[in-house]
Structure formats: structure tokens, C-alpha cells
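Here's the structure, in C-alpha cells; my notes come after.
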Amino acid sequence: DNKNTVVSYSIVSIGTVSETIVHPREVFLPAVLTKASGVIVAHNHPSGNHVPSRQDIETTKRLVEAGKVIGIPLVDHIIVGFNNSYKNYYSLKENGYIA
């Protein structure tokens, strides 16, 4: 909703142990159909390392641009790692990749 409360979610891609294909069309289709006011993307890194890869950063940039075109902003892209560190997620918005 307009307060960034998650009201719906969709799985748009299931990858392998090392990669997945993410296209803005699949990411934004559920958002368009549900008349979403924004999109939060999340995925995991099976390695446990939650630092974004070059591909994660490039995908985020593509999603930001696609969201601008269709009027549904990318609110955040969160990467989750499953290790024993204190902070086991990485927000691309908190780290300056999303304005």
C-alpha cells in the first residue's frame, strides 16, 4: 500500500544454486494486475553471503528504470543470506542503489 506495507507477494523466478533469470516484465506483471503502488523485490543467496553481485546491481537498475516507465516504483531490493552474522540481509535502497 502507500505506506509500503506488503499486501501481496508473488514468486516470479526460481533459480538454480548459482543464478536465476529476472526480467522486469515478470516482476511488474503482478504489480500491474493488483494495482500496486510500489514493488519490493527480495531474493536469497544460498551461499549465505548477502553482498550484492554485479548482476544484482544491474538487475536493480533495470527494475528501477522499468518502474519509472510504468509508474510503479521499485521501493527496495533486499538480498537475504543465511549465515550466523548479526545482519543477514542487504538492502540496496539503504546502500544507495535506489533513490
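The values are calculated or read from the model by the stated rules, or taken from the named source; none is laboratory data. Quick caveat: nothing in here was measured; it's all calculated off a predicted structure. Cβ atoms come from the backbone with ideal geometry, glycine included; neighbour counts cover every protein chain shown. For accessibility, only protein heavy atoms count, side chains too; no ligands or nucleic acids. Shrake-Rupley method; radii C 1.70, N 1.55, O 1.52, S 1.80 Å.
For the chain: lysine pairs with Cα atoms under 19 Å, gap of 8 or more or different chains, count? Please list the in-between numbers first.
Values: LYS3/LYS35; LYS3/LYS68; LYS3/LYS93; LYS35/LYS68; LYS61/LYS93; LYS68/LYS93.
Counting lysine pairs in the chain gives 6.
I need the chymotrypsin sites (Phe, Trp or Tyr not before Pro) found in the range 1-88, filtered to DSSP loop residues with at most 16 other beta carbons within 10 Å of theirs. Don't skip to the end; give the middle numbers.
Details: sites: TYR9, PHE28, PHE82, TYR86; in loops: TYR9, PHE82, TYR86.
Here the sparse-neighbourhood loop sites are TYR9, PHE82, TYR86.
Counting Lys and Arg as +1 and Asp and Glu as -1, what is the net charge of the other residues whose Cβ lies under 13 Å from the Cβ of ILE40? Here the charged neighbours net out to -1. Surface composition of the chain: carbon and sulfur atoms hold 57% of the protein heavy-atom accessible area at a 1.4 Å probe. Considering only C-alpha atoms, what is the centroid distance from the range 14-35 to the range 50-99, in Å? Measuring centre to centre over Cα atoms gives 14 Å.
Would you mind working out the accessible area per residue for the chain, using a 1.4 Å probe, and quoting it in Å²? Mind showing how you got there, number by number?
Working: 7000 Å² over 99 residues.
That works out to 71 Å² for each residue.
Where only DSSP H runs of four or more residues are counted, the chain gives -8500 deg cm²/dmol as its mean residue ellipticity at 222 nm, each run worth -39500 (n - 2.57). Segment LYS3..GLU58, full-extension length gain: 17.1 nm, with 0.36 nm per residue of separation and the alpha-carbon distance subtracted. Between SER13 and LEU29, the modelled label-to-label distance comes to 1.4 nm, taking each label 7 Å out from Cα in the direction of the beta carbon. Principal semi-axes of the equivalent ellipsoid, √(5λ) from the alpha carbon gyration tensor of the chain, are 22, 15, 13 Å from largest down. In plain terms, the chain from ASN44 to LYS93 could stretch by 16.0 nm, reckoned as 0.36 nm per residue minus the Cα-Cα distance.
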